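Here is the structure we will look at, set down as structure tokens.
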Amino acid sequence: MTDPLGYGQRQWLQILNDYDPALRRRVRELVLAHSERMADEFYQYMITQPEAREFLDHDQVNLRLKASMQHWLEQSFAIDDEAAIALTIERQLEVGRVHARINLPINLVSMGARLHKKRLMALVFGLEEEPGYWQAACGYLQEVMDLSLELMSLAYVSKSERKSRAAEAYRLHTLGLNMPVERERQRAALLDWSQELIFGLHRGDRPPGGIIRSEFGLWFQHKAASVFEGAPELGQIEQALQQIDLVILPELRAAGSDTERLARQMAALQQEVKAVGYFLATLFDRYIELEHGRDTLTRLLDRRFLPAVLNREVRLAKRGGAAFSVILFDVDHFKQINDSHGHEGGDLVLQQIANLVAGAVRSSDFTFRYGGEELLVVLVEAEPAKALEIAEKIREKVAANRLQLPEGKTMQATLSGGVAGFDGHPDYEYLIGRADKALYRAKHQGRNRCLLAD
Ligand SMILES: Nc1nc2c(ncn2[C@@H]2O[C@H](COP(=O)(O)OP(=O)(O)OP(=O)(O)O)[C@@H](O)[C@H]2O)c(=O)[nH]1
């Protein structure tokens, strides 16, 4: 949304217009009389929720949250002129941004709003009034709470989007790191730490500080976690580091001059350090193998980068950029190729086709290995008609080429393709689905052809 403030103001004014000023004043008085207690109750309840606790169990939060929650309640119901409305709305947006910054789960915000609503409604039902009055008062306070929540969510979403874009950019940046050099550096840092410890013990020094605070430990906690996000080795290394710091080092310190005990713990330490070294090597190997996000057989982009690329293209196109298109190619009768020339022959054919496809598009386009023998090309700034032309050109080029097989033989292979242009649907899977249907038709109509999606 381009102007959340203006939007919020229009909605808020509408609510004020829809409800009688005297009724609004009455609700406001109720809120003012109970806001402190409500803020207290809110905190007491939320601290019992395990998911919420990590965001609350800090003295500063305790102190400030209660005060600001009370202020927020009063401000939300204490508005009568336009300047005050603007301030209130700005506040709702700011709360949403803060929630996003601290990664507060959005369900907790809804939980808090539900709590407040329930309490306020109970207060309204306590008024000596007719049910019709209660109904109107509840309607008013529900609308205020719902709009507050909506505005917070609006700011939350836009802030989260910006954050994930930054995270993506950071990951792309780390993709450019010189990984072999980084691997050696970290291996050396790990060895340095353990050697220093061992020499120190031989000299009779007390064991030094833990591995978690060492250069290697710091790198692991602060960098490895984001560069290798999601890798199983991270957990295994973490466990080994904890074992060293929390079990083995205290044992070593306690061993004093008991040589047998010392030797046992030294062996345990060496075993853990070796395990860390092993997991570290696996972590880097796997990463380097992927060659900065490329599929090892075809050297095309790995499909895990598809969401980042397509979401970005969708965002650009939605913001008025030129439309983009995708082509989904599938090698015809690939099973037969495998059957006739072996899996190795199939691999070789696939590699050459991938080269031909990647070499036929502009450097600004993206070519992914989508599945076994399926390739997906993302053509930036290309209308569907243009994309179909490009797809046909690629298909002809592949069909005209003689492909090398093991033992000097050659063969020809063909491709079928489905082409779909971005049509405004925000989910890129839908776009690929349309290309897939067109591909299916192309196969059905006899293969070696490209068709445009409906
Ligand atoms: N050599 C090799 N074969 C693969 C690879 N990935 C998938 N395949 C094989 O590709 C074949 C695909 O076969 P199908 O999906 O039945 O289709 P097809 O034989 O290509 O026939 P159509 O698509 O209908 O023209 C399967 O036998 C897979 O085992 C790979 O990386 N290398």
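The values are calculated or read from the model by the stated rules, or taken from the named source; none is laboratory data. Bear in mind the structure is a predicted one, so any value in this text is a computation, not a measurement. Methodologically, a virtual Cβ is constructed for each residue, glycine included, from the backbone with ideal geometry; neighbour enumeration extends over all protein chains shown.
Quick notes on this structure:
- Restricting segment 255-283 to residues that are part of a helix (DSSP H, G or I) and of a type in the set (Asp, Glu), the residue that is nearest to the chain's Cα centre (by Cα) is Glu272.
- Counted residues, segment 402-413 - those being more than 14 Å from the ligand (Cβ to nearest atom) and either surrounded by 15 or more Cβ atoms within 10 Å (Cβ to Cβ) or outside the structural domain of Leu350 (by TED's automatic domain parsing) (or both): 1
- Some residue of segment 10-32 being at pLDDT below 95, crowded, with 18+ Cβ neighbours inside 10 Å and under 30 Å from the mean Cα position of the chain (by Cα): no
- Count of residues meeting criterion [more than 18 Å from Asn311 (Cα to Cα) and either among the aromatic types (Phe, Trp, Tyr) or within 16 Å of the ligand (Cβ to nearest atom) (or both)] in segment 372-390: 4
- Residue in segment 439-450 that is farthest from the ligand (Cβ to nearest atom), counting only those that are in contact (Cβ under 8 Å) with a residue 60 or more places away in the chain and on the phi < 0 side of the Ramachandran plot: Cys450
- Restricted to segment 408-453, and to residues there that are among the charged types (D, E, K, R) and over 32 Å from the mean Cα position of the chain (by Cα), the residue that is farthest from Asn311 (Cα to Cα) is Lys409.
- Among residues of segment 419-454, those that are touching a Phe, Trp or Tyr at 6+ places or on another chain (Cβ under 7 Å) and part of a strand (DSSP E or B), counted: 0
- Residues that are more than 9 Å from the ligand (Cβ to nearest atom) and of a type in the set (S, T, N, Q), drawn from segment 313-337: Ser325
- Test: residue in segment 338-356 that is closer than 20 Å to Ala438 by Cα, within 16 Å of the ligand (Cβ to nearest atom) and touching a residue at least 40 places away in the same chain (Cβ under 8 Å): no
- Candidate set: segment 281-299, residues that are within 13 Å of the ligand (Cβ to nearest atom) and among the hydroxyl-bearing types (Ser, Thr, Tyr); chosen: the one modelled with the highest pLDDT: Thr298
- From the options Val377, Val331, residue that is within 30 Å of the chain's Cα centre (by Cα), within 15 Å of Ser416 (Cβ to Cβ) and either at pLDDT 95 or above or not assigned by TED's automatic domain parsing to the domain that holds Val309 (or both): Val377
- Of the residues making up segment 300-311, not a single one is of a type in the set (S, T, N, Q), away from the ligand (no atom under 16 Å from the Cβ) and at pLDDT 95 or above.
- Failed condition for Arg369, given (1) in contact (Cβ under 8 Å) with a residue 60 or more places away in the chain; (2) near the ligand (Cβ under 10 Å from one of its atoms); (3) under 17 Å from Ala435 (Cα atoms); (4) surrounded by fewer than 20 Cβ atoms within 10 Å (Cβ to Cβ): (4)
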